[in-house]
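Below is one structure, written out as structure tokens, with a few remarks after it.
No value in this document is a laboratory result; all are computed from the given coordinates. Everything quoted here is computed from the prediction, not taken from an experiment. No Cβ is skipped: glycine too gets one built from the backbone with ideal geometry, and neighbour counts run over all protein chains shown.
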Amino acid sequence: MTARPLPEHPDFLWRNPEPRSSYDVVIVGAGGHGLATAYYLAENHGITDVAVLEKGWLAGGNMARNTTIIRSNYLWDESAAIYEHALKLWERLPEELDYDFLFSQRGVLNLAHTLQDVREGMRRANANRLNGVDAEWLEPDQVAKVCPILNVSPRTRHPVLGATFQPRAGIAKHDHVAWALARRADHLGVDLIQGCEVTGFLKDGDRVVGVDTNRGRIHAGRVGLAAAGHSSVLAERAGVRLPVQSHPLQALVSELHEPVHPTVVMSNHVHVYVSQAHKGELVMGAGVDSYNGYGQRGSFHVIERQMAAAVELFPVFARAHVLRTWGGIVDVTPDASPIIGRTPVEGLYVNCGWGTGGFKATPAAGWTFAHTIATGEPHPLNAPFALERFTTGALIDEHGAAAVAH
Amino acid sequence: MLLITCPWCGPRDETEYHYGGQAHVPHPETPADLTDEQWAAYVFYRDNPKGPFAERWMHGTGCRRWFNVLRDTATHEVLTTYRLDEPRPGGTR
């Protein structure tokens, strides 16, 4: 008997180069944000002498663990501006990167279960429209038309009293987003270096001049941190303190089902968000575990509560099974808005604090972070998200304001 | 699910407790004298270590008292618990 020869390995989407001893820009973290930053440094600013250092494997952190929801219906002007910029970039990225990562604009419903929810939802929909974000308020019967499997009966514990709806919102295949950005950044000359952990920072006075890694010393003109849950651990090695707390955030999927769920449903009040992936699994997320944690796992009672909420909202899910649960580490700021900008160390920039909502912002985080690193000045979109706001008091308080399930 | 030992009630499930963040953060003695930077540090900045962390928990469905927990944030292991009027065990920060 002769075994059939194994097929050739498909073409790799990027090189795996050895790190050089020096780069113009070093980005720490090859998740979505780090990759998007490298891509826009090359594409928008012509800076291609760039390395993206990743301690694990490419897009293996929160980029592999999120629930892939993309939306821009945030309350405050600063947030709406940057998330809407992200959404507009999402709309053109598949063609620009020549990679169909299955961006599906199936809309998002943010449910209201209390009179307060209704008032906040209507206010947010109106604020969104003034900011050019597509949003509308739906009454329960309209909600049922958008998502027929949703239980809108007034006889439930937390009845659906209405919802905001953003039709242009949706989901995308997260892994493919990362691979699309990685492939293009690599083509443009960026070195993507996996298995390379930053263990320290080289400084010349107040200026960063490089990093120490487990694969040797790498000099750099500028360094950008995009390390999500580990941002404060990393920044501390550079002598910078960040106002973030790292929490576990869990999500789960069911087995595969026929298409039953046509949109994305989020409920801040009962704390669950649900969509159905292209393959057919139901994808659900909840709020963060309350305690600080770096373990990439959380407590089971959080999942139980999330399931209870999901089954009440979607009675048809009662006989589905949890196939897999997992946790990521999210870095949460005091105002639930991100930090994108300079640090007290010259040449060291930070993109962190996205908490539970970083995936949807991937292109805009990269766009504005690349601008900040390339020019030394924030882009108008990320200027309000500077670290200094915690001293000036100019917070962008999205806790609960933006249908954010924190 | 964490198993946390309340100094008064003994070991109970995590669901009986409420989390209170970093322990040993004293209110400034003279708040009016603080600079904006110092005030920001008190209000918004907390330690976020990967490893042992001294934090506050409250036994909400039990004695309703606050106490401190030394817990490893990387492994989630509860190292010890102690009363609010006791110093952090082991002398580590």
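Condition first: hydroxyl-bearing (S, T, Y) and more than 34 Å from the chain's Cα centre (by Cα). Now tell me which residues in segment A:1-26 satisfy that.
First pass over segment A:1-26, keeping only residues hydroxyl-bearing (S, T, Y): A:2, A:21-23.
Scanning segment A:1-26 gives a single hit, A:T2.
Each row is one residue, and each column tells you yes or no for (1) more than 11 Å from chain A (Cβ to nearest Cβ); (2) within 30 Å of A:P344 (Cβ to Cβ); (3) touching a helix residue (DSSP H, G or I) at 6+ places or on another chain (Cβ under 7 Å); (4) outside any loop (DSSP other than H, G, I, E, B).
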site: B:P28; (1), (2), (3), (4): yes, yes, yes, no
site: B:R46; (1), (2), (3), (4): no, yes, no, no
site: B:P49; (1), (2), (3), (4): no, yes, no, no
site: B:C63; (1), (2), (3), (4): yes, no, no, no
site: B:N68; (1), (2), (3), (4): yes, no, no, yes
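If a residue counts only when it is under 26 Å from B:V69 (Cα atoms) and within 14 Å of chain B (Cβ to nearest Cβ), which strands (runs of 3 or more DSSP E) contained entirely in segment A:283-385 have at least 2 such residues?
Working: elements: A:322-332, A:339-342, A:348-352.
Qualifying strands (runs of 3 or more DSSP E): A:322-332.
Within segment A:360-371, can one find any residue that is within 26 Å of A:G205 (Cβ to Cβ), free of Cβ contacts under 8 Å to residues at least 12 places away in the same chain, surrounded by fewer than 24 Cβ atoms within 10 Å (Cβ to Cβ) and touching a helix residue (DSSP H, G or I) at 6+ places or on another chain (Cβ under 8 Å)?
No, segment A:360-371 has no match at all.
Taking B:D36 as meeting all but one of (1) closer than 27 Å to A:G239 by Cβ; (2) surrounded by 13 or more Cβ atoms within 10 Å (Cβ to Cβ); (3) of a type outside the set (A, V, I, L, M, F, W, C), write down the number of the exception.
(2)
Checking B:A41 against (1) buried (at least 17 other Cβ atoms within 10 Å of the Cβ); (2) in a loop (DSSP other than H, G, I, E, B), which single condition isn't satisfied?
So B:A41 meets the others, but not (2).
For segment A:153-166, which residues satisfy the criterion of being surrounded by fewer than 21 Cβ atoms within 10 Å (Cβ to Cβ) and either under 19 Å from A:E120 (Cα atoms) or of a type in the set (D, E, K, R) (or both)?
Selection gives A:R155, A:R157, A:H158, A:P159, A:L161.
Please verify whether segment A:219-230 includes one or more residues that are over 30 Å from A:H321 (Cβ atoms), of a type in the set (K, R), surrounded by 15 or more Cβ atoms within 10 Å (Cβ to Cβ) and touching a helix residue (DSSP H, G or I) at 6+ places or on another chain (Cβ under 6 Å).
Checked against the condition, which is being over 30 Å from A:H321 (Cβ atoms), of a type in the set (K, R), surrounded by 15 or more Cβ atoms within 10 Å (Cβ to Cβ) and touching a helix residue (DSSP H, G or I) at 6+ places or on another chain (Cβ under 6 Å), segment A:219-230 yields at least one hit.
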